[in-house]
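Engineer: Quick one: this structure, given as C-alpha cells, is what I'll be asking you about.
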Amino acid sequence: MANKYSITKEQTQALIKEYGKGDNDSGSAAVQVAILTERIRNLTEHLKTHPKDNHTRRGLMKLIGKRRGLLKYIKDGNIDDYRELIKKLGIRDNI
C-alpha cells in the first residue's frame, strides 16, 4: 500500500504519458525528474505541518540531490530540452 506522501501508480502513469517519449518510457531522465518533482512536492507539504520530522527531511534532501543530478545530465545533453522541462515543472534553474 502506498503512503499518502508517495505517488500512486495512476499519477506515475500520467507523468510517463506527459513527459515520456512513449507510453512505457519510464526510464528517460525527463520522466524521472517529473516523478521526483511530484514526490518532492508531497514531502515538502508534509514538512510544512511536521517541521521536526528529520527523517523525512533527510529523504527529501536525497531526492533533491538525485533530481539535481538528472537535471544536470539533461542540461549537458540539450539546453533547450532542459529549459522546456523546468518551465513545465515549475522549478527554478539552479544548476
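Only the coordinates and a few stated rules stand behind these numbers; no lab work does. As the structure is a computational prediction, the values presented were derived from the model and not from experiment.
Engineer: Suppose the chain between ASP93 and GLN11 were pulled fully straight at 0.36 nm per residue; how much longer would it get relative to their current alpha carbon spacing? Before the final figure, lay out the partial values.
Structural biologist: Details: separation 82, 0.36 × 82 = 29.52 nm, distance 2.45 nm.
Contour length minus Cα-Cα distance gives 27.1 nm.
Engineer: Further, regarding this structure: Checking the cross-link filter: which aspartates and glutamates have an alpha carbon closer than 12 Å to that of LYS72, excluding same-chain neighbours under 8 positions apart?
Structural biologist: ASP81, ASP93
Engineer: Additional query: Which of LYS17/LYS87; LYS9/LYS88; LYS17/LYS62; LYS9/LYS75; LYS9/LYS52 have a Cα-Cα distance over 23 Å?
Structural biologist: The answer is LYS17/LYS62; LYS9/LYS75; LYS9/LYS52.
Engineer: Using 0.36 nm times the number of residues separating THR44 and ASP76, minus their current alpha carbon distance, what extension gain do you get?
Structural biologist: Net length gain for the segment: 8.8 nm.
Engineer: What's the Kirkwood radius of the chain in Å, using all Cα pairs? Please list the in-between numbers first.
Structural biologist: Details: mean 1/r = 0.0714 Å⁻¹.
Its Kirkwood hydrodynamic radius stands at 14.0 Å.
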